[in-house]
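Accompanying notes for the structure given below.
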Amino acid sequence: MLSNRTLLLTAVAPATWGTTYLVTTELLPPGRPLLAGVLRALPAGLLLLALTRTLPQGHWWWRSLVLGTLNIGAFFALLFVAAYRLPGGVAAIAGALQPLLVAGLATVALGERLRLRTVLAGAAGIAGVTLVVLTAQARPDALGLAAALGGAASMAAGIVLAKRWTSPASPLTTTAWQLIAGGLVLAPLAFVVEGAPPHLSAPAIGGYTYLSIVGTGLAYVLWFRGLAVLPAGSTSFLGLLSPVVAVLAGWLVADQALTPAQAAGVVIALAAVVVATRPEPHPSAAGARALLRWRSGTSVRTRRVPPAGRAPGRRSSGTGAGPRPTPIAP
């Protein structure tokens, strides 16, 4: 029950990220994706740091910088390049490769078992996202495709390292460190590429506030909290919810068309998430002990406890039934 609750709470994060496209197109100024990344990460990180009042210690200074760069700074920057050079559908399909990348890295770095159902669910997830977001007008671009794949690989590496580097601090604290680090890495790049921030309207301020507090602060706390206790390989499949929610939000809120192919893609993507995140059955304690004895080639031995005053191994000359045998576990 606890793992199911944690899984559902973790799923809130990618579902929230799926609303980013709608908020960006409806409320934010155009052509400022790097500024959006900075205003998403840095205020949320500073707010969380003000709540926790805990700074990194020792090697967690450079670890937070690495994780913040992979999960926030580099990921947002590569996403920016992909968004400008690729149709959104092609970029989303490249991002759908992330669960398979995480599963492969987790096998090497974390010792997680790569199961056939994970590979099949990953392939189904890519197919589902393709049906959801790909259009006939999509045209590939080599640099944009490389950026999209690089963004997926950057966050995949960040997910695995966040799982491998277990921090003694709370998820709230480590999320604050990563958001601040990622925002600081992204800020100078945003200034060089996009220039000084423009005057912000009231809707833009509202959009940035939502993306910072809900879409970044709350979402990343839930994400890293779940990642700390759930397998990295299966947790990454929750990311498939982002393009699904993006399409459904556009259909419900912006009156965008939802074709039968997109509806089928939504069903396939959700099925891939359910299959990949389904927990493995755990044998009972007795079954586990029996399996352990079978693998070690041993069996339960019994011995008779001799009556008081007799040496072990001597038989009683009495006619009584004697004491009951006592099982001795190996």
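Taking label points 7 Å from Cα along the Cα-to-Cβ direction, D141 and T259 give a separation of 2.2 nm. Could you tell me whether region 172-283 comes out rounded, prolate or oblate from its Cα gyration tensor? Rule is a ≥ b ≥ c as square roots of the eigenvalues, rounded for a/c under 1.5, then prolate if a/b exceeds b/c, otherwise oblate. Oblate shape, in that a/c is at least 1.5 and b/c is the bigger or equal ratio. Remark: the Cα gyration tensor places region 18-72 in the prolate category, a/c being 1.5 or greater and a/b exceeding b/c. Rounded if a/c is under 1.5, else prolate if a/b beats b/c, else oblate: with a ≥ b ≥ c from the C-alpha gyration tensor eigenvalues square-rooted, which is region 209-265? Taking the square roots of the gyration eigenvalues as a ≥ b ≥ c, region 209-265 is oblate. Derived scalar couplings between HN and Hα for region 35-47 equal 4, 4, x, 5, 6, 6, 7, 5, x, 5, x, 5, 5 Hz in order, rounded to whole Hz, by the Karplus curve 6.51 cos²θ - 1.76 cosθ + 1.60 (θ = phi - 60°), x for Gly and Pro.
Values in this text are rule-based calculations from the coordinates and carry no lab data. Treat the numbers as computed from the prediction; the structure is a model and nothing was measured. So basically every Cβ, Gly included, is an ideal-geometry build from the backbone, and we count neighbours across all protein chains shown.
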